[in-house]
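The values are calculated or read from the model by the stated rules, or taken from the named source; none is laboratory data. Everything numeric here is computed off the predicted structure, so don't read it as measured data. Because the Cβ atoms are built from the backbone with ideal geometry, glycine has one as well, and the counts that use them run over all protein chains shown. Ligands, DNA and RNA are stripped out before the accessible areas are found, and what is left, the full protein with its side chains, is counted by its heavy atoms. Shrake-Rupley method; radii C 1.70, N 1.55, O 1.52, S 1.80 Å.
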2 protein chains.
Amino acid sequence: MEKDLCLLKSLIHRYEVANFVVERGLHVKVKDLMPEELTVDQFKTLRFLRHNVNSTASELAQFFCVGKSSITAIITRLSDKGLLDRVPDDGDRRVIHLKLTEEGERISSLLEERVQNVLADLIEHFDEKEAIAFIETFEKLAKVVKAAL
Amino acid sequence: MEKDLCLLKSLIHRYEVANFVVERGLHVKVKDLMPEELTVDQFKTLRFLRHNVNSTASELAQFFCVGKSSITAIITRLSDKGLLDRVPDDGDRRVIHLKLTEEGERISSLLEERVQNVLADLIEHFDEKEAIAFIETFEKLAKVVKAAL
DNA sequence: ATCGAATAGTTCAACAATAGAATTAATGAG
DNA sequence: CTCATTAATTCTATTGTTGAACTATTCGAT
């Protein structure tokens, strides 16, 4: 009991430390990849829209766990930059679909590739077996986290 | 070659997805634990100062990978709330040490415990062996990320 | 010992992200 | 038809962030 509790606390602390370093470090590395005119959050929005065609502001808000007014702000900035268009739905005139422009597609896919290259460089420090085991546990964790929301 | 590249890309994609869910989900869960008057970033600053007594603004800036003016802003807010004090160094009058007040200590340790409880609930979904293997790889990753900055 | 470079911290202006309340417009259920 | 609901926007305020300019202090090379 005593020992288990101690182990648990130790694991939690180690997780907190490692998580902080990875999160902060990756954020900085991704930020360095961004062109002058794009923030990391804006890139993540473009990336989501590239892989979820015809999404709406509400879907983005749910995915990113923020209020809809945040999404309005961010898509307005992206629209002003000419990276996406607001396309009204034919059936329900309340809903607005978000569609990347050609330039939005281009820049998003370019940046996605760059980010993947950064991650590839990191993953190559691990042997295949360890990487797979890690990601499998990570996915379980993601599932547990999602369920706990 | 072809197969390895494909595996790598698949692993990267799985990592990106899982990482997003975990990061966003944990942020929301931690935010829910915060009292009215404290943001998550402010809590993280208090937590750092509790475990790194006598730190300075420069050390905080380096740790959080942000500019010093961001740190000035955040510690001014925490100081205004009475959660920390600026204590000038005796030797070098340029440096200001940051010291939690009693209330800062109290609230930080309280919140730290709550956050750890959230993490404990998550970790208990995994058997000991898997959790340890996961965290060991995670720490390796943190080391690689840190080295790549 | 002094003068210029470097360092620690702050200030200021600008911008991005966010929350939350109020608003508009359209849909849907009784 | 009316009223509640839904999708999106607007507006205000706050927080975090950057980068440049600034103050005060210390350090180092001559």
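The condition of being within 14 Å of chain A (Cβ to nearest Cβ), without any contact (Cβ under 8 Å) to a residue 24 or more places away in the chain, open to solvent by less than 40 Å² (accessible area, probe 1.4 Å) and not polar (S, T, N, Q) holds for B:Val145. For the range A:18-52, taking the residues that are within 16 Å of the chain's Cα centre (by Cα) and β-branched (Val, Ile, Thr), the one that is surrounded by the most Cβ atoms within 10 Å (Cβ to Cβ) is identified as A:Thr45. For A:Lys129, the conditions (1) within 10 Å of chain B (Cβ to nearest Cβ); (2) in a helix (DSSP H, G or I); (3) modelled with pLDDT under 95 are fulfilled apart from (1). Annotation note: of A:Ser109, A:Ser69, the sole residue that is under 16 Å from the mean Cα position of the chain (by Cα) and assigned to a helix (DSSP H, G or I) is A:Ser109. Of B:Arg77, B:Arg94, all but one fail to be open to solvent by 20 Å² or more (accessible area, probe 1.4 Å), within 12 Å of DNA strand D (Cβ to nearest atom) and part of a loop (DSSP other than H, G, I, E, B); the exception is B:Arg94. Of all residues in the range B:118-133, those that are open to solvent by less than 30 Å² (accessible area, probe 1.4 Å) and more than 19 Å from the chain's Cα centre (by Cα) total 1. Go through the range A:43-66 and give me each residue that's in a helix (DSSP H, G or I) and in contact (Cβ under 8 Å) with a residue 40 or more places away in the chain. Matches in the range A:43-66: A:Phe43, A:Leu46, A:Arg47, A:Leu49, A:Arg50, A:Ala57. A:Arg94 meets the conditions (1) within 11 Å of DNA strand C (Cβ to nearest atom); (2) under 27 Å from B:Gly25 (Cα atoms); (3) among the basic types (Lys, Arg) in every case but one. The failed one is (2). Would you point out the residue of the range B:40-52, among those that are of a type in the set (A, V, I, L, M) and within 14 Å of DNA strand C (Cβ to nearest atom), that is nearest to the other protein chains (Cβ to nearest Cβ)? Applying the filter and picking the extreme gives B:Val40. If the condition is being of a type in the set (Val, Ile, Thr) and more than 7 Å from DNA strand C (Cβ to nearest atom), then the range A:64-86 contributes A:Ile71, A:Thr72, A:Ile75, A:Thr76.
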